[in-house]
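Down below is the structure, laid out as structure tokens.
The values are calculated or read from the model by the stated rules, or taken from the named source; none is laboratory data. These figures come from a predicted structure and were not determined experimentally. Note that each Cβ is placed from the backbone with ideal geometry, even for glycine, and that neighbours are counted across all protein chains shown.
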Amino acid sequence: MNELSIAYGLLKDLQHESEKHGVSRVSRVHVRIGRLCTIVPEVLTFAFETASEGTVAEGAELSIAVVPARGRCDKCNIDFDVETDTSVFFCPQCGGVAAEVISGRELEIALFRGTSETTS
Ligand SMILES: [Zn+2]
């Protein structure tokens, strides 16, 4: 996955959210990334720093939380942790291929802090 295009995507969301909440300067951004996204946090941090220049989030601190992967088996109706980095999971109970990934592919802004324009 291309960290730089992800950084641009995050910035686009941030810009949108900032406008919505009247934030003029973003100081800190918390991002949740699923383990299956194959993103290198250090690379994303660097890409974010580069891409945020001149935007509302310039100089903002990026905090990345990696979300563990979990699968769900429809047959057994159970959820289980996925330890591998592959995208095909096998149910630990029946050995079948899990139908659903319930977490591990997230890529979202969990929270961001900023300051709003106080001068009127
Ligand atoms: Zn099963």
Take the conditions part of a loop (DSSP other than H, G, I, E, B) and either under 28 Å from residue 11 (Cα atoms) or away from the ligand (no atom under 16 Å from the Cβ) (or both) and apply them to residue 56. Does it pass?
yes
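Per-residue answers, yes or no, for (1) buried (at least 16 other Cβ atoms within 10 Å of the Cβ); (2) modelled with pLDDT under 90; (3) not acidic (Asp, Glu):
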position: 54; (1), (2), (3): no, no, yes
position: 59; (1), (2), (3): no, no, yes
position: 62; (1), (2), (3): yes, no, yes
position: 77; (1), (2), (3): no, no, yes
position: 81; (1), (2), (3): no, yes, no
position: 88; (1), (2), (3): no, yes, yes
position: 99; (1), (2), (3): no, yes, yes
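Report, by residue number, each residue of segment 38-53 that is in a loop (DSSP other than H, G, I, E, B) and more than 16 Å from the chain's Cα centre (by Cα). Even if it seems obvious, please write down each step before you answer.
We begin by selecting, within segment 38-53, every residue in a loop (DSSP other than H, G, I, E, B); these are 38-40, 52-53.
Hits for segment 38-53 are 52, 53.
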Could you tell me which numbered condition residue 22 fails, if it satisfies all but one of (1) touching a strand residue (DSSP E or B) at 6+ places or on another chain (Cβ under 6 Å); (2) in the same structural domain as residue 3 (by TED's automatic domain parsing); (3) surrounded by 13 or more Cβ atoms within 10 Å (Cβ to Cβ)?
(3)
What's the number of the only condition in (1) within 16 Å of the ligand (Cβ to nearest atom); (2) within 16 Å of the chain's Cα centre (by Cα) that residue 81 fails to meet?
(2)
